[in-house]
Amino acid sequence: MDRQTYLTRIGYEGSLTPTASTLRDLHLAHLQTVPFENLDIHLGNPIVLNLAELYQKIVRRRRGGFCYEQNGMFAWLLRELGFKVTLLS
């Protein structure tokens, strides 16, 4: 992952220190710029949760994603920035 490209995608220019304040700001930036989108489901396209493919879809192609896609992508960014992340069902 090129985290700077992801941060640019969500318009984030703040601190990268893994604190609660940074988490709040990153979360808000992501929510405001990456739309919920489930078009692939309706189009019958295969759902792929591979992080590299999600990165291409959400960051490079500037699309949105549904819950598993968005949460997986955001969790990857947070881990890259030094946050401890636990995904729950």
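The values are calculated or read from the model by the stated rules, or taken from the named source; none is laboratory data. The structure presented is a predicted model; accordingly, all values stated were derived computationally and were not measured. Cβ sites come from the backbone with ideal geometry, for glycine too, and all protein chains shown count toward neighbours. Surface areas here come from the heavy atoms of the whole protein model, side chains and all, with no ligands, DNA or RNA. Shrake-Rupley method; radii C 1.70, N 1.55, O 1.52, S 1.80 Å.
For the chain, the solvent-accessible area with a 1.4 angstrom probe is 63 square angstrom per residue. The residue 3 and residue 68 beta-carbon pair, evaluated with R₀ = 35 Å, returns a calculated FRET efficiency of approximately 0.95. The alpha-carbon atoms of the stretch 4-47 define a convex hull whose volume equals 96 cubic angstrom per residue. As an equivalent ellipsoid, the chain spans semi-axes of 22, 14, 12 angstrom, where each value is the square root of five times an eigenvalue of the C-alpha gyration tensor, largest first. Applying the Karplus relation 6.51 cos²θ - 1.76 cosθ + 1.60 with θ = phi - 60° to the stretch 41-46 yields 3J(HN,Hα) values of 4, 5, 7, x, 6, x Hz, where x marks Gly and Pro.
Compared with the direct C-alpha span, the chain from residue 56 to residue 36 gains 5.6 nm at full extension, assuming 0.36 nm per residue. Using the Karplus relation 6.51 cos²θ - 1.76 cosθ + 1.60 with θ = phi - 60°, the per-residue 3J(HN,Hα) values for the stretch 2-15 come to 8, 5, 5, 5, 4, 4, 5, 4, 9, x, 9, 10, x, 4 Hz, with x marking Gly and Pro.
Measuring gaps between exposed loop sites in the chain (trypsin sites (Lys or Arg not before Pro); DSSP loop; at most 14 other Cβ atoms within 10 Å), the longest gap, sites not included, is 1-60.
In a reduced charge model with +1 at each Lys and Arg Cβ and -1 at each Asp and Glu Cβ, the stretch 7-89 shows a dipole moment near 100 debye about its Cα centre. Using the alpha-carbon atoms, what tilt in degrees (0 to 90, nearest 10) does helix 67-80 show relative to the longest principal axis of the chain? The answer is roughly 30 degrees. When the helices of the chain are scored as -39500 (n - 2.57) per DSSP H run of n ≥ 4 and the total is divided over every residue, the value at 222 nm lands at -14500 deg cm²/dmol. Full extension of the chain between residue 49 and residue 27 yields a length gain of 5.9 nm, computed as 0.36 nm times the residue separation minus the alpha carbon distance.
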